[in-house]
Amino acid sequence: MSDELDPAPYDALLLLSFGGPEGPDDVVPFLENVTRGRGIPKERLKEVGQHYFLFGGVSPINEQNRALLDALRADFGEAGLDLPVYWGNRNWAPYLTDTLREMITDGRRHIAVLATSAYASYSGCRQYRENLADALAELEAEGLRLPRVDKLRHYFNHPGFVRPMVEGVLASLDALDPSVRAGAHLAFTTHSIPDSAADTSGPVADHGEGGAYVKQHLDVARLIVDAVRAETGTEHPWQLVYQSRSGAPHIPWLEPDICEHLEELHGAGAPAVVMVPIGFVSDHMEVLYDLDTEATAKAAELGLPVRRSATVGADPRFAAAVRELVLERAATERGQRAERCALGALGPSHDLCPIGCCPARAERAAAAGADSPYA
C-alpha cells in the first residue's frame, strides 16, 4: 500500500456522535441519559421533550449518522482506503461502550475517532473524551484488552467542511427574492454555551474572551463571507449569533440569541436574513426546531424574509475530508510529515488535546489527550 493510502497504525475508524431518540417512547429515557446526575425530575424532562414530540419523538441525528456512515464507507472504498468504519453514540443506541466492545471483539487495536462536533469546547470535545474514558474503564473492568483510541483534530476550517457551507449560503441567497437579495444579512449560528465554558475552551493560551470556541466560529464565518463576496461581488453584513440555550437564567451564556437578533435586524431595516448554522454538522433537532421552527416563526411574525442554509451532513466533500484527516494523522503517528489542510487565520488544530484544554467542570478522566490515563 502506498503511503498516501496507508492508514497504519489505525485499523478502524469510529464515528462518535451524540445520539437521539427514534420514537416517542425513547424521548424521556434519552433525556435521562443526557441529564444523568443533574437530578432533573421526569415531569420536567417530559416538558423538555416537547420539541421531539413535535417531530414524532424522532431526532433526525441517527438517520443522518447512517447517511454519513454510508458516505464514509463509499469514499474510502472508491479511494482504495481499506479501513472499516463503526458508529457509537454518547446518549442512545448504538451506545459507545457497546460499539467499542464490538470493535475489540473484531480485533481492532488502534482506533481513530471522529466526533460529530467540529469546534473546541467542553461539550464539543472534552466531554466526548470523557465518554471514551468511561467506556474504556468499563471494558477494562470486563477483562478486555483495551485498544488505543486517538481523536482526530478539529476540522472546522478544513476545506471539505467549509466549502459545502459556502454553497449552502449561495443557494439560500439565490432562493431570496431579487429585490432583497443584495442587502440580505448573514446570521451565523451555533450552540450557545456558558460564558465560562467558552472562555476556557481550547488550549490555555486561547482562554479568555470566548476562548477558542468563539475564535474558531468567527474564523469560519469570515471564510464563508469572503467566499460569497468572491463569487457574487456582494459584501453581506454578518454576525455570529447563538441558539439552543438551556441553562439557568442567572448564568451568563453566549449572546445574542438568534430570535433576538432577527428582531434587532428587522428594527434596523434589514431586508432579509440567511441563517447559517455553522456550528452543526447536520440538520439535527437544534436546527429543525430552533431555526426551522422557532426562528422561522419569529421571522414570519416580523414579516422578515428568511432562509436557512444547509449543513454539511453527508456531503461527499466532507467524507473526503475525513479520509484526509485519518491519513494525515496516520502519517504523523508513523513519524512522517503530512500535509495538514486548513483555511483561514487559525491554521490546523492540535492532534493531542493539551492539559488544560477545555477543562472539565469536575475532575474526571478523559481519553485521547495529553492527560489520558490510557496510553
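The values are calculated or read from the model by the stated rules, or taken from the named source; none is laboratory data. Note that this is a predicted model, so its numbers are computed, not measured. Cβ placement follows ideal geometry from the backbone for every residue including glycine, while neighbour counts extend to all protein chains displayed. Accessible surface areas use protein heavy atoms only, side chains included; no ligands, DNA or RNA. Shrake-Rupley method; radii C 1.70, N 1.55, O 1.52, S 1.80 Å.
Tabulated values for the structure
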| item | result |
| --- | --- |
| Those residues of region 61-83 which are open to solvent by less than 40 Å² (accessible area, probe 1.4 Å) and either within 16 Å of residue 312 (Cβ to Cβ) or touching a strand residue (DSSP E or B) at 6+ places or on another chain (Cβ under 9 Å) (or both), in sequence order | 61, 62, 65, 68, 69, 71, 72, 75, 76, 83 |
| Condition check for residue 109: surrounded by fewer than 18 Cβ atoms within 10 Å (Cβ to Cβ), touching a helix residue (DSSP H, G or I) at 6+ places or on another chain (Cβ under 8 Å), of a type outside the set (A, V, I, L, M, F, W, C) and under 23 Å from residue 140 (Cβ atoms) | no |
| Region 290-316 residues that are surrounded by fewer than 17 Cβ atoms within 10 Å (Cβ to Cβ) and in a helix (DSSP H, G or I), paired with ones that are at pLDDT below 95 and aliphatic (A, V, I, L, M) (beta carbon under 8 Å, 6 or more apart) | 293/54 |
| Top-ranked residue in region 29-53 [being out of contact with any helix residue (DSSP H, G or I) (no Cβ under 7 Å at 6 or more places or on another chain) and either modelled with pLDDT of 95 or more or aliphatic (A, V, I, L, M) (or both); ranked as surrounded by the fewest Cβ atoms within 10 Å (Cβ to Cβ)] | 40 |
| Any hit, region 328-336, residues being under 20 Å from residue 219 (Cα atoms) and modelled with pLDDT of 95 or more | no |
| Yes/no for residue 367 being crowded, with 16+ Cβ neighbours inside 10 Å, part of a helix (DSSP H, G or I) and not charged (D, E, K, R) | no |
| Every residue from region 56-81 that is touching a helix residue (DSSP H, G or I) at 6+ places or on another chain (Cβ under 6 Å) and assigned to a loop (DSSP other than H, G, I, E, B) | 57, 59, 80, 81 |
| Lone unmet requirement of (1) within 13 Å of residue 158 (Cβ to Cβ); (2) out of contact with any Leu (no Cβ under 6 Å at 6 or more places or on another chain); (3) open to solvent by 40 Å² or more (accessible area, probe 1.4 Å) for residue 342 | (3) |
| Test: residue in region 208-231 that is among the small types (Gly, Ala, Ser) and at pLDDT below 95 | no |
| Which listed residue, of 149, 113, is assigned to a strand (DSSP E or B), over 30 Å from residue 189 (Cα atoms) and modelled with pLDDT of 95 or more | 149 |
| Conditions (1) open to solvent by 40 Å² or more (accessible area, probe 1.4 Å); (2) in contact (Cβ under 8 Å) with a residue 60 or more places away in the chain; (3) more than 15 Å from residue 325 (Cα to Cα); (4) not hydroxyl-bearing (Ser, Thr, Tyr): number failed by residue 159 | (3) |
